[in-house]
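Have a look at the structure below before the remarks.
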Amino acid sequence: MSPSLRSPRVWIATWLALGLFASAYLLVVYVTGGPIVCGAEAGCETVRASAWAFIGPVPRPLLGLAFYVTMLGLLLVRALTPWQERRLRWLMFFLAFVGLIESIHLFFVQWLSIKAFCLWCLVSGLATLGAFLAAIFDRTSLTESQRLADLRGYTAVFAALALIGAPGLFFLLR
């Protein structure tokens, strides 16, 4: 297994890319009002129509998108420079924990209050859980070769997101 695939930060990036995809898709359909491609239960429309879908005028998927982009940005900063490495690691862990708590909260809202599940919301929650679990194994003392391995891993993750995610969004939105 290549060194980049063993890196917790590359696994964090992979989970974040999955969450980014789910949030981007939901944001587009929330803003355009288009139909949501959902599982057999079709709970996505029920969740979107609920009072929990927006915080004021802000669609929740926008908050998810901001979370995933922020976390990916922090990963990139950590790979490019040792600047504030320890603080950035703890900030990422804290944000991953907050994201996990929010995801758990929204899972229970869907289950107990809305009584319907949005497949894309569950994917986003799973991505947040995966990022949090990988963040537990992250460390701060990175060598230059580890930073380069992380950058190679991030390149692979972003390439997969572009090559699979962009056509996937196009397919889902047509």
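Could you give the angle, 0 to 90 degrees to the nearest 10, between helix 119-136's Cα long axis and the longest principal axis of the Cα atoms of the chain?
Roughly 20 degrees, rounded to the nearest 10.
What fraction of the Cα pairs in the chain, stated in percent, has a spacing above 26 angstrom?
31
For Cys121, Cys44, which order do you get if you count the other beta carbons within 10 Å of each Cβ and list the fewest first?
The order, fewest Cβ neighbours first, is Cys44, Cys121.
In deg cm²/dmol, rounded to 500, what helix-only [θ] at 222 nm does the chain give when every DSSP H run of at least 4 residues adds -39500 (n - 2.57) and the total is split over its residues?
So the calculated ellipticity at 222 nm is -23500 deg cm²/dmol.
Which angle between 0 and 90 degrees, to the nearest 10, do you get for helix 144-160 versus the longest principal axis of the chain when only C-alpha atoms count?
30
Bear in mind that the values in this text are calculations on the coordinates, not laboratory data. Being a predicted model, the structure only gives us computed values, none of them experimental. Reconstructed Cβ throughout: ideal geometry from the backbone, glycine too, with neighbour counts over all protein chains shown.
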